[in-house]
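Read the structure below first, then the notes.
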Amino acid sequence: MWAVIYVLVSGAWHGGWCWGRVAPLLRAAGHEVHTPTLTGVSDRAHLLGPHTGLGTHVEDVVRLLDTYDLTEVRLVGHSYGGQVVASVAELRPERLAARIHLDGFVPEDGEAAIDLLPPQVAAHYRESVRDAGFGWLIPPRSLTTLGVTDEADVAWLTPRLTPHPWATYLEPVRVGAKAASVPGRYIDCTDWLGVFAPFADRARALGWDVRQLATGHEAMVTAPEQLAALLMYEGEEGDGS
């Protein structure tokens, strides 16, 4: 397999550190890997503000692509990161070889993340923002809810997760023909509540390659070897679940 450039975009509450078990596997196979931390979370939490929105995070990734002059990139977005990946695909399609949504949102134009969640989950988000997030932060969700059961994984994740800016979930995605021109893939994590399962169906409807991974939502932590293999997969387009 030829060398590939991967840009791995984390979901809510995480930073670039969360790919620490996957990135070395990709690099060992000869690939270049970038794991940016989005503005306002993790090691960039000091830059957090009430107006940190989806556009901020999209700009984080666009500037990375432009500054390093990256092309033929496989852009991977986990969970909320799917919103970022879709938006970047609209702005920089010429830099991307593929967009890979890892158990995350696959938005259509005008859709905000909060509107893509099941009503019960969205209500929980709104309540937690109001009661514990000062009206503008989303506190980290229970790792058990996300399918993380190993005590060592919980101990590794818990102190590293930080509140996520609420504005990113309220800002709608703007995508169109340019984003649609970038080949898409979807990885569906099946061993948890299945909040993102509808987006695997949406990916299938778009004709994307869809793969299933028998693990919880935090696949980069709980199944790094299997995830790395799927990210490097070179199969035919179509449903491979």
With springs only between Cα atoms under 10 Å, which of THR144, THR215, THR71 fluctuates most in a Gaussian network model of the chain?
THR144
Applying the Karplus parametrisation 6.51 cos²θ - 1.76 cosθ + 1.60 with θ = phi - 60° to the phi angles of segment 104-111, what ³J(HN,Hα) value in whole Hz is obtained for each residue in order, glycine and proline being reported as x?
x, 5, 10, x, 9, 4, x, 8
Carbon + sulfur, % of accessible area of segment 152-213 - ligands and nucleic acids excluded, 1.4 Å:
58 percent
Looking at segment 1-45, which chymotrypsin sites (Phe, Trp or Tyr not before Pro) are in a loop (DSSP not H, G, I, E or B) and have at most 10 other Cβ atoms within 10 Å?
TRP2
Under 8 Å for C-alpha pairs, at least 6 residues apart: give me the relative contact order for the chain, rounded to a whole percent.
22 percent
With every protein chain left in place, what is the accessible area per residue of the chain in square angstrom, probe 1.4 Å?
42 Å²
Dimensionless Rg ratio for segment 1-113, taking C-alpha atoms and the 2.2 N^0.38 Å reference:
1.01
Please give the charge dipole size of segment 162-241, origin at the Cα centre, charges +1 on K and R Cβ atoms and -1 on D and E Cβ atoms. Round to the nearest 20 debye.
360 debye
What residues qualify as long-range amide H neighbours of CYS189, i.e. H under 5 Å apart, gap of 5 or more or another chain, H built at 1.01 Å from N?
ASP103, LEU213
Cα-based Kirkwood hydrodynamic radius, the chain, one decimal, Å
17.7 Å
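The values are calculated or read from the model by the stated rules, or taken from the named source; none is laboratory data. For clarity, every value in this text was computed on a predicted model and none was experimentally measured. When we count neighbours, we look across all protein chains shown, and the Cβ atoms used for this are built from the backbone with ideal geometry, even at glycine. Keep in mind that these areas ignore ligands, DNA and RNA; they rest on the heavy atoms of the full protein, side chains included. Shrake-Rupley method; radii C 1.70, N 1.55, O 1.52, S 1.80 Å.
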